[in-house]
Amino acid sequence: MVTNQKGALAVLAEPTRLAIFELLADGPRAVGELADCLPVTRPAVSQHLKVLKAARLVVDEQQGTRRYYALDPEGIEEIRAYFDRFWKYALSSFKAAVEDKEKGRR
Amino acid sequence: MTEQTVDAVVSNSIVVRAPIDDAFAVFTEGIGSWWPAEHHILQAELAEMVFEPRVGGHVYDRGTDGSECRWARVIAYEPPHRFVIRWDIGLNWQVETDPDRTSEIEVRFISQDIDRTRVELEHRNLDRHGPGWEAMRDGVNSPDGWPLSLRRFASRMEDEKS
C-alpha cells in the first residue's frame, strides 16, 4: 500500500494545529476557549484555524457574538464511505473463501 | 450549541453457507484465505497473516523477510459468536500507536440454521481517525491503492445482501 502524507496530514504536521484539532474532537469550541488551552496567543489560534478550514478539516459557525469551530462532518463521512466500500469488498471475499472450503468438505 | 451528529459507524452483514463454527474459524484464524491481498501495509512481500485467537493477541502480517506488521489487537474473543479488534492503522497508512486514535471492529456470528451463518460487522469510532482523512481519501484514489473493482464488488454485495 502506498503511504500518503500529503494534504490534511501536512496541515496537521504542525503541533499546534494538531492540538487544536484534537481539542475540537471533544466538541465545538470558540477561539478564546481554544487559546485558553494552548500556549499560544488568540491571533495565532485564529491563523491556525484558517489553515485548518482551508484544508476542510474544520468548519465554523457564528453563534450570537461568538464563532464556534468544529470538526468538519464531511471529513468523517469520507472515512465512513471508505470503510463501507472496504468491508463490502472484504466480506464478499470472505463469503467466497468460506463457501469454497465447505464445498471441499462435502 | 448544535451537537455534532456525524455517523461514525459502518455496518455490514452477509449470510454465508457454512456452519457457525466454520464461519468463525475462517474469519479469524483463516483470515489470510480471504483478506483482500492488495490491502497490506507491509513493505516486504506477504508470507502470511496471523490472527492470534485470544484477548490481547494481535492480528498481524508477516513478510517473506521475517518483518511483521501488527495492525490490530484482539479486545474480545468469544468463539464462535463474536470478537472485537482494535484497528491500529492511522490514516497515514502506518501503524497507530496511540489507542485514542484508533477505531474498533466488532464481528458477530449468528447461526441461521445448521449450515447458514449470518455475519454482522460493525466498524465504529471512525471519528477518532478524524485528523488526516484526506490522506486516506488520496490513498483510495491512488493508482496503487484501492482498485476500481471495489465498486464492482460493492454492487455484487447489494445483490447478495439479505
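The values are calculated or read from the model by the stated rules, or taken from the named source; none is laboratory data. This is a predicted model, so every value here is computed, not measured. Cβ placement follows ideal geometry from the backbone for every residue including glycine, while neighbour counts extend to all protein chains displayed.
Observations on the structure shown:
- Failed item in (1) surrounded by fewer than 18 Cβ atoms within 10 Å (Cβ to Cβ); (2) under 16 Å from the mean Cα position of the chain (by Cα); (3) not polar (S, T, N, Q), with A:Leu71 passing the rest: (1)
- B:Ile114 vs. criteria surrounded by fewer than 19 Cβ atoms within 10 Å (Cβ to Cβ), aliphatic (A, V, I, L, M) and touching a residue at least 12 places away in the same chain (Cβ under 8 Å): yes
- Residue check for B:Phe83: within 16 Å of B:Leu121 (Cα to Cα) and modelled with pLDDT of 95 or more: yes
- B:Gly66 being more than 13 Å from chain A (Cβ to nearest Cβ), in contact with a strand residue (DSSP E or B) (Cβ under 9 Å, 6 or more places away or on another chain), modelled with pLDDT of 95 or more and surrounded by fewer than 17 Cβ atoms within 10 Å (Cβ to Cβ): no
- The stretch A:39-63, residues that are in a loop (DSSP other than H, G, I, E, B) and more than 20 Å from the chain's Cα centre (by Cα): A:Pro39, A:Val40, A:Thr41
- Enumeration of residues in the stretch B:36-60 that are of a type in the set (A, V, I, L, M, F, W, C) and under 22 Å from A:Tyr82 (Cα atoms): B:Ala37, B:Ile41, B:Leu42, B:Val59
- Checklist (1) facing chain A (nearest Cβ under 9 Å); (2) closer than 19 Å to B:Leu42 by Cβ; (3) crowded, with 20+ Cβ neighbours inside 10 Å; (4) modelled with pLDDT of 50 or more applied to B:Met136, failing item: (4)
- Looking only at residues in the stretch A:65-106 that are modelled with pLDDT of 90 or more and of a type in the set (A, V, I, L, M, F, W, C), the one that is nearest to B:Gly90 (Cα to Cα) is A:Trp87.
- Scanning the stretch B:80-111 for residues that are in contact (Cβ under 8 Å) with a residue 24 or more places away in the chain, of a type in the set (D, E, K, R) and farther than 18 Å from B:Ser13 by Cβ gives B:Asp100, B:Arg101.
- Taking the stretch B:13-34 as the range and being of a type in the set (A, V, I, L, M, F, W, C) and within 7 Å of another protein chain (Cβ to nearest Cβ) as the test, the residues that pass are B:Ile14, B:Val16, B:Ala18, B:Ala23, B:Val26, B:Phe27, B:Trp34.
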